[in-house]
Amino acid sequence: MVDTPRRLAPLDRVRLAVLAVGVVCVVTGLLPVRAAVGGLERIGPLLVFLVAVIVLAELTKEAGVFDVLAGRLAIIGRGNYAALFVLCAAFAAVITIVLNLDTTAVLLTPVLLALAPRARMGALPLAMTTIWFANTASLLLPVSNLTNLLATGHVALPTREFAVRMWAPQAAAIAVTMLLLWVFYWRRGARGQDRYQPPPPVAVPDPLLFGVAAGACVLFAAAVLAGVEIAVAACGAAVVLIAAFAWRDRAKLTWRLFPWQLVVFVAGLFLVVPTLSLYGLDHLMRAVLGEAGGAAGSYRAAAAGAGLANLVNNLPAYYAGERVIPPGERDRLLALLIGANAGSVITPWASVATLLWFEWCGRRGVRVPIAKFLLTGALLAVAAVGAATAALLLTA
């Protein structure tokens, strides 16, 4: 792989700073070495999966799969914005569920933004579609969100059982997201047109790479649903696609495919959060989450997950809460997960996906009205988390 050096972005400096603080905690003895090693061993397989699935998604985009599919959506919509809305929502939800929320934020955002001129509409409705579904559609499978992977290990739920338990909350969150997305961003007054002219089909740059990439994604999803270890499934699919690009288009294999920023950030968090937990964070989380079980305890856990996610970030919010909820209290843990995932739609830093999305919008010149983003996000968080938690309890 070859690449040219580039200057660190401000967000990259923050990630490196988090890791540096975590290393200092270990070196100074604030975090015992055994605890640090144990935490990093736990997230090791998760980071392998994260790297592999992002490489898979990046190369799938380079093969033109996302662009072709997005263009096909505009054609299938036949000039009808309601039909296009449903298709874009389904596309974003499926990509999030199968390839995780960071893929939707980083890779699907520019694809849907490219639809804006073709569909004769503003970029904001399409941009909001990606980021809202990146968070609220990340409940169904362990691979959909890194927090889900943590949760499955803590409550001992394999992929199929996890999906069976979370399908109703996921359906409720998607339904609420579609309703509010249409009202606030897609209705006639927000988009500015009645109909659009369907664009011509998007050309496939390399049919062989296109077929291999599409097949690798399908095989990855099938392997995960069949119970194959997620890191193994992701690595297998990524290796197949890397080999295809090495044969057909080696120039695309650069070091920028490696998502070192996420690896650094997650590793740093798993050193910093345990340190804080040893010095009072656990006591604070017990006070926030309470001891009550049942419906009241689950709603409180969901509200705490959403609130903390928007204060700090969804990953440390879930991890800190998980440390003080026993594995046997499955409903409370899953409610905390719902809050941390579906509720992380208010502040720009509530999830890594949202931070990455804001970076992309800035690069593409998409203006995001921050007041509207915060207000509509708060309404979505309350409605989606509430509906998903109710669905979780009703299907218990």
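If we scan region 322-343, do we find a residue that is buried (at least 23 other Cβ atoms within 10 Å of the Cβ), closer than 22 Å to Val368 by Cα and out of contact with any Ser or Thr (no Cβ under 6 Å at 6 or more places or on another chain)? Yes: region 322-343 contains one or more residues that are buried (at least 23 other Cβ atoms within 10 Å of the Cβ), closer than 22 Å to Val368 by Cα and out of contact with any Ser or Thr (no Cβ under 6 Å at 6 or more places or on another chain). Listed here are the helices (runs of 4 or more DSSP H) enclosed by region 80-150 that have at least 1 residues being among the hydroxyl-bearing types (Ser, Thr, Tyr) and at pLDDT 90 or above: 81-99, 123-136.
None of Tyr279, Tyr318 is closer than 17 Å to Ala173 by Cβ and in contact (Cβ under 8 Å) with a residue 60 or more places away in the chain except Tyr318. Among the residues that make up region 112-129, is at least one of them β-branched (Val, Ile, Thr) and more than 25 Å from Ala317 (Cα to Cα)? No, region 112-129 contains no residue that is β-branched (Val, Ile, Thr) and more than 25 Å from Ala317 (Cα to Cα).
Screening Val111, Val143 for residues that are more than 27 Å from Leu337 (Cα to Cα) and touching a residue at least 40 places away in the same chain (Cβ under 8 Å) leaves exactly one candidate, Val111. Across region 56-108, the qualifying residues are those that are farther than 24 Å from Ala175 by Cβ and acidic (Asp, Glu), and the one among them that is nearest to the chain's Cα centre (by Cα) is Glu58. Scanning region 262-276 finds no residues that are farther than 27 Å from Val24 by Cβ, part of a helix (DSSP H, G or I) and either touching a helix residue (DSSP H, G or I) at 6+ places or on another chain (Cβ under 6 Å) or not aromatic (Phe, Trp, Tyr) (or both). How many residues does region 1-43 hold that are in a helix (DSSP H, G or I), modelled with pLDDT under 85, aliphatic (A, V, I, L, M) and within 17 Å of Leu356 (Cα to Cα)? Here the count works out to 2.
Can you find a residue that is without any contact (Cβ under 8 Å) to a residue 40 or more places away in the chain, farther than 30 Å from Cys25 by Cβ and in contact with a Lys or Arg (Cβ under 7 Å, 6 or more places away or on another chain) anywhere in region 372-381? No, the conditions are met nowhere in region 372-381.
Residues that are surrounded by fewer than 24 Cβ atoms within 10 Å (Cβ to Cβ) and not in a loop (DSSP other than H, G, I, E, B) were ranked within region 357-370; the one that is modelled with the lowest pLDDT is Arg363. Applying the criterion of being β-branched (Val, Ile, Thr) and loosely packed, with under 15 Cβ neighbours inside 10 Å to the residues of region 182-235, the residue that is nearest to the chain's Cα centre (by Cα) is Val218.
Here Glu58 meets the list (1) part of a helix (DSSP H, G or I); (2) free of Cβ contacts under 8 Å to residues at least 12 places away in the same chain almost entirely, failing just condition (2). When the residues of region 64-79 are filtered to those that are outside any helix (DSSP H, G or I) and of a type outside the set (Lys, Arg), the one that is nearest to Thr104 (Cα to Cα) is Gly64.
Looking at Gly339, is it part of a helix (DSSP H, G or I), out of contact with any helix residue (DSSP H, G or I) (no Cβ under 7 Å at 6 or more places or on another chain) and not β-branched (Val, Ile, Thr)? Answer is no for this residue.
The values are calculated or read from the model by the stated rules, or taken from the named source; none is laboratory data. Here the structure is a predicted model, which means the values were calculated and not measured. Positions of Cβ are generated from backbone atoms using ideal geometry, with glycine treated the same way; all protein chains shown enter the neighbour counts.
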